[in-house]
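The values are calculated or read from the model by the stated rules, or taken from the named source; none is laboratory data. The model shown is predicted, which means the values in this text are computed figures rather than measured ones. Counting neighbours? That spans all protein chains shown, and the Cβs are built from the backbone with ideal geometry, glycine included. The accessibility values were calculated without ligands, DNA or RNA, using every heavy atom of the protein model including side chains. Shrake-Rupley method; radii C 1.70, N 1.55, O 1.52, S 1.80 Å.
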Amino acid sequence: MLQISQLRCFVAVASELHFARAAASLHMTQPPLTRQIQLLEHEIGVSLLDRNRRHVRLTPAGKTFFKEAQDILRRVQSATLSARRTVEGTVGQVRAGFIPAASYSLLPRLVGAAGRALPGVDLSVMEMQTFDQLEALSAGRLDLGIVRPLYHRPDLQVACVLREPFVLAVPQAHPLARARKFSVKDLNGQATIMYSPADGQYMYQVLTGWLRGNSVQPDFVHSIGHTHSMLSLVDAGLGIALVPHSAQRMRFAKIRFRELPPDTAPFAELHLAWRSETANPAADQLRELLLKGS
């Protein structure tokens, strides 16, 4: 059977056209090199080298075989390198899910980290809600997920990668937009656009718990699932809203964002989720990059 070691020996001799120099380049002695060439010629059934005491030349068959052998060795080297990089996690494919809120700051960080540190990794991202991501992770359809910390799954691991305070979004003409100072109590009775307890369950739970803890009761005039939709209503002057700090990256002409008193502001978290048992080194590398930067 044809062996890679035989091809390496032949290519060395064909390149040098000298057995002693070829043996030296391969860090071996001349007799075993000669034996490898003989075995190769016997295996393929043709003479590849015309050799005597004065010279070594390639036969016509040897010239043809030389080009093909070089190509085979290059492909073997490439395949070996690719296999090693796959094990190291520097090449491969990673499928990541993200909730819409991650697109403000965390998703660009994830994609940027992959592009800079792991250019050989093909990262595909999909916008999905938290529950759908957890289902896809458990089923092996996703490698990583950026989710809200709402559900516990024994087969998944999570880590917080972003913790940010809520800010108050108010229409420019609203009194709170112009007030030099305000307190949590100033939210009492205010027309407020709140996250939906169904579509925005995590945010709803955080904010309503915080409001109850401060004995504040706004007037909830609309219940919305997504931050960008809430801000569009604020922009239209239909109420105020409490939104994560990163939501300020969405530009609305008629909204002013006010920071809440730092000792009382609630926080929202984004978590990175992954399967406890994973067999994707590229996903492991990307996960570690994101966790180091959090």
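Some points to look at:
- Val158, Val121, reordered so the largest accessible area comes first (probe 1.4 Å): Val158, Val121
- With R₀ fixed at 41 Å, the C-beta to C-beta distance from Arg163 to Arg74 puts the FRET efficiency at about 0.25.
- Accessible area ranking (1.4 Å probe, heavy atoms, ligands and nucleic acids excluded), largest first, for Met194, Met1: Met1, Met194.
- If R0 is 51 Å, the Cβ-Cβ spacing of Arg116 and Asp219 corresponds to a FRET efficiency of close to 0.60.
- Taking the helices alone, the chain has a mean residue ellipticity at 222 nm of -13000 deg cm²/dmol, built from -39,500 (n - 2.57) per DSSP H run of at least 4 residues and averaged over all its residues.
- Peptides 25-32, 14-21, ordered by how many other C-beta atoms sit within 10 Å of their residues on average, highest first, read 14-21, 25-32.
- Computed from the alpha carbon atoms alone, the convex hull of segment 152-274 holds 113 Å³ per residue.
- Accessible area of the chain belonging to carbon and sulfur atoms, whole % at 1.4 Å probe: 52
- Rolling a 1.4 Å probe over the heavy atoms of the protein chains gives segment 132-278 an accessible area of 48 Å² per residue.
- Label selected from (i) 18.5; (ii) 24.1; (iii) 19.8, the criterion being Kirkwood radius over Cα pairs in Å as computed here: (ii)
- Looking at the chain, the DSSP beta bridges with both ends there are about 60 percent antiparallel.
- Here each label is just a point 7 Å from Cα along the line to Cβ, and for Phe182 and Arg251 those points are 2.4 nm apart.
- With contacts taken as Cα pairs under 8 Å and at least 6 residues apart, the chain reaches a relative contact order of 21 percent.
- Between Ser15 and His228, the simple label model (points 7 Å from Cα in the Cβ direction) yields a spacing of 5.5 nm.
- Computed log10 I(q)/I(0) for segment 1-135 at 0.11, 0.15, 0.16 Å⁻¹: -0.58, -0.76, -0.83, from the Debye equation with unit scatterers placed on every C-alpha and solvent omitted.
- For segment 212-294, applying the loop criterion from DSSP together with a ceiling of 11 other beta carbons within 10 Å to the trypsin sites (Lys or Arg not before Pro) yields Arg251.
- Normalised by the number of residues in segment 157-294, the average gap of Cα pairs under 8 Å and 6 or more apart makes the relative contact order 43 percent.
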